[in-house]
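K.L.:
My structure is below; once you've seen it, I'll send some questions.
The values are calculated or read from the model by the stated rules, or taken from the named source; none is laboratory data. Here the structure is a predicted model, which means the values were calculated and not measured. Heavy atoms of the whole protein, side chains included, go into the accessibility calculation; ligands, DNA and RNA do not. Shrake-Rupley method; radii C 1.70, N 1.55, O 1.52, S 1.80 Å.
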Amino acid sequence: MPGTDTSAARPFGRRLLHRLGRPSRGAAVVWVPLAAVVCGLFTGALASRAAWETSRPQPDRAEASAILTMAFPGHDLGEIDTPPALFVVYGHALRLGTVKTLVLGDGGEYQESATSAAAFGAPPVPAEQIVAVARDRLTGAGWTVYDPQVAEGISCADKMCATPLAITDTTLVARRGDTILNASISSQTAADAAYLAVELHRAPPPLVVPAGVLGTLLGAVAGWWVFGWASRRSAQRGSAVSVLLGVAVVLWWLPVLLAVPSLLRHHRGEPHPAWHPFWEWLGQPAASLLFLVGAVCALLGLGLAAATGQREEPEAPVG
């Protein structure tokens, strides 16, 4: 409005934006942005995991039986096993007793469950025929069928492997709607081994991606503000704070730098109707021990920053 002086409001807003999350000098200029980004990634992964709860349950026996009968007619797949939860550890639902398993090296066993069935013994028809029939029937039923992946190997007819036999293992992947089929067809002839193994599981529900993106943005903003504040709070006397927070950043980023290239090679090497969950790209919970140690370092650093009692750095002049 004419005559209204907004000059005071403008500098205040600029000062607020200038101070928001602004890291102090030195090493903080590096580790504060890295901490903010990795906090955003972890928050996004947590949000995407929460969004997974909107998924339909894994296929029950009736649904699985109809799919298996359609795709693999004439094969006795025996008992159909249904999982106890959407995500499992060694086939069991996550519970308090499995926390030790997650933290002490076996966190990679935390993964989406699947409804499964298998047929044992020698295949009644050549493995190539099983694959061809399944592809035709799945395609005819409206499934998107990906190119089969064939691997060659050796099977031994006796313990000494005096008569090695060449075998093939074919992986067939298909998707219809939110249901994904993974089948493994082998030409092996051992009576106690499976020549056909099938798993059915759900694709990520639609809310997973927007929840992950929103969680990442909000987490990055919060991380920028918190760690920037800590760096300014302890700029003069807080070398211990910088060390603790720097160690936390390294421990959080190390699994990410190892997991991303590995998963990219994995995705490029075989068909994937759906991407692996967000947290696996961060090396979690396989490297959950590193995450927890980093979290302890971060909490100690933030606690020390809050306890310093010193004033923040003088604000740089705003033009």
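K.L.:
Need the full-extension length gain, Leu257 to Asp81, defined as separation in residues times 0.36 nm minus the C-alpha distance. One decimal, nm.
P.N.:
59.7 nm
K.L.:
Over segment 171-298, calculate the relative contact order: mean separation of alpha carbon pairs under 8 Å at least 6 apart, over the residue count, as a percent.
P.N.:
Contact order relative to length: 22 percent.
K.L.:
Accessible area of Leu299, 1.4 Å probe, to the nearest 10 Å²?
P.N.:
Roll a 1.4 Å probe over it and Leu299 shows about 120 Å².
K.L.:
When all protein chains stay in place, what accessible area (Å², nearest 10, 1.4 Å probe) is found for Glu109?
P.N.:
70 Å²
K.L.:
Let me ask you something else. Taking 0.36 nm per residue of sequence separation and subtracting the Cα-Cα distance, how much length would be gained by fully extending the chain between Ala222 and Leu292, in nm to one decimal?
P.N.:
In short, 23.3 nm is gained.
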